[in-house]
1. Any idea which of Ala83, Ala67 is surrounded by 13 or more Cβ atoms within 10 Å (Cβ to Cβ) and either acidic (Asp, Glu) or farther than 20 Å from Arg107 by Cβ (or both)?
2. Does Arg75 qualify as being assigned to a helix (DSSP H, G or I), at pLDDT 90 or above and either out of contact with any strand residue (DSSP E or B) (no Cβ under 8 Å at 6 or more places or on another chain) or open to solvent by 60 Å² or more (accessible area, probe 1.4 Å) (or both)?
3. Step by step: first the residues of the stretch 54-72, then only those that are modelled with pLDDT of 95 or more and aliphatic (A, V, I, L, M), then the one that is nearest to Ser32 (Cα to Cα). Which residue is that?
4. Any idea which of Arg17, Arg28, Arg90 is surrounded by fewer than 16 Cβ atoms within 10 Å (Cβ to Cβ), among the basic types (Lys, Arg) and modelled with pLDDT of 95 or more?
5. For the condition touching a His at 6+ places or on another chain (Cβ under 9 Å), closer than 15 Å to Ala30 by Cα and of a type in the set (Lys, Arg), what is the one hit in Arg105, Arg75?
6. Is it the case that some residue within the stretch 60-68 is more than 19 Å from Ser31 (Cα to Cα) and either part of a strand (DSSP E or B) or in contact (Cβ under 8 Å) with a residue 40 or more places away in the chain (or both)?
7. Spot the failing condition for Arg115; the list is (1) under 18 Å from Ala30 (Cβ atoms); (2) among the charged types (D, E, K, R); (3) open to solvent by 80 Å² or more (accessible area, probe 1.4 Å), and only one is missed.
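The values are calculated or read from the model by the stated rules, or taken from the named source; none is laboratory data. Predicted, not measured: the structure shown is a model, and the values here were computed from it. Note: ideal-geometry Cβ built from the backbone for every residue, glycine included; neighbour counts use all protein chains shown. All accessible areas refer to the heavy atoms of the entire protein, side chains included, with ligands and DNA or RNA removed. Shrake-Rupley method; radii C 1.70, N 1.55, O 1.52, S 1.80 Å.
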Amino acid sequence: MGSEVVGVGLFDSLRRRSKGGQKPGTLRKASSTDFKHLEEWASTRTGVEAYVEPKTNVTETTVVLIAHDGEWTRRRIESLDAAQQFGHKRSIPVYEVARVGYPKRMREYTERKKRGEA
């Protein structure tokens, strides 16, 4: 029986890549899976509005889609322009969260969900 020698350096864990092939600590960009989810979600709800969240140190630009009843979903998107194009193509209004905040119905939906009512 042969034995295998595996070198483990002090900084090897810092050089490893995550499952997606991305370096740990780097921001994941929007993907086609994100876009597909947004398209499907918006097409199956009514009264949908889009709220764009700016890029931060922790996440890339994201968009929150909120339906008439407050149900919502969040995914990464390439940019504010990409969100505006997405909204324009689907006749969905697009707002910047930093300017207008989140709608009350979103908070109410989240509270109902916590209580098991949604």
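1. After ruling out the rest, the residue left standing is Ala83.
2. No; evaluated as a whole, the condition is false for this residue.
3. Val63
4. When all the criteria are applied, what remains is Arg90.
5. Just one listed residue meets the conditions, Arg75.
6. Checking the stretch 60-68: at least one residue is more than 19 Å from Ser31 (Cα to Cα) and either part of a strand (DSSP E or B) or in contact (Cβ under 8 Å) with a residue 40 or more places away in the chain (or both).
7. All conditions are met except number (1).
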